[in-house]
1. Conditions: (1) under 15 Å from Lys108 (Cα atoms); (2) of a type outside the set (Phe, Trp, Tyr); (3) at pLDDT below 95. Ala42 meets all but one. Number of the miss?
2. Of all residues in segment 62-112, which are among the small types (Gly, Ala, Ser), without any contact (Cβ under 8 Å) to a residue 60 or more places away in the chain and outside any strand (DSSP E or B)?
3. So which residues in segment 67-84 are more than 30 Å from Glu111 (Cβ to Cβ), surrounded by 10 or more Cβ atoms within 10 Å (Cβ to Cβ) and out of contact with any helix residue (DSSP H, G or I) (no Cβ under 9 Å at 6 or more places or on another chain)?
4. Does Ala54 meet the test of being buried (at least 17 other Cβ atoms within 10 Å of the Cβ), touching a Leu at 6+ places or on another chain (Cβ under 6 Å) and farther than 15 Å from Arg25 by Cα?
5. Every residue in segment 37-50 that is in contact with a Leu (Cβ under 7 Å, 6 or more places away or on another chain) and either not in a helix (DSSP H, G or I) or not β-branched (Val, Ile, Thr) (or both), please.
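The values are calculated or read from the model by the stated rules, or taken from the named source; none is laboratory data. Predicted model only: the values in this text are computed from it and were never measured. Using ideal geometry, Cβ is built from the backbone for each residue, glycine included, and neighbour counts are taken over all protein chains shown.
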Amino acid sequence: MEARAKATYERVAPRKVQIVLDLIRNKPADEAMAILRFTPKAATEPIMKVLKSAMANAENNFAMDVSRLYVAEATVSQGPTLKRIRPRAHGRAFRINKKTSHINLVLKEKED
């Protein structure tokens, strides 16, 4: 039995999200929440939202015990890139790529 949650089109680059996901993978859900709360990275906010959602899904939809949940899978994939233009000298234009991420979390219950 597993509970899933995902966030799509988050405006954080996947490289930056991957760093934070590596910190919480295979950790208990409450410990993962504590790690996210005290990690000074921009990607922690959307990941925390997804983790809270997955915990709520586990509790309400699958009647799982929240104290026994752990982060079984934590993945990120690249979403569409927003392409913007930055004016430069002599009438030139430089491109700015604003990357987006799709974050997926899977929580499972620890078996004794």
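1. Tallying (1) under 15 Å from Lys108 (Cα atoms); (2) of a type outside the set (Phe, Trp, Tyr); (3) at pLDDT below 95, Ala42 fails exactly one: (1).
2. First, the residues of segment 62-112 that are among the small types (Gly, Ala, Ser): 63, 67, 72, 74, 77, 79, 89, 91, 93, 101.
From what's left, without any contact (Cβ under 8 Å) to a residue 60 or more places away in the chain: 63, 67, 74, 89, 91, 93.
Scanning segment 62-112 gives Ala63, Ser67, Ala89, Gly91.
3. Pro80, Thr81, Leu82, Arg84
4. no
5. So the first thing to find is which residues in segment 37-50 are in contact with a Leu (Cβ under 7 Å, 6 or more places away or on another chain), and the list is 39, 44, 47-48, 50.
Listed by number, the residues that qualify are Thr39, Met48.
For (1) out of contact with any strand residue (DSSP E or B) (no Cβ under 6 Å at 6 or more places or on another chain); (2) under 15 Å from Thr100 (Cβ atoms); (3) assigned to a helix (DSSP H, G or I), each residue gets a yes or a no:
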residue	(1), (2), (3)
Arg4	no, no, no
Tyr9	yes, yes, no
Leu21	no, no, yes
Ala32	no, no, yes
Met55	yes, no, yes
Asn60	yes, no, yes
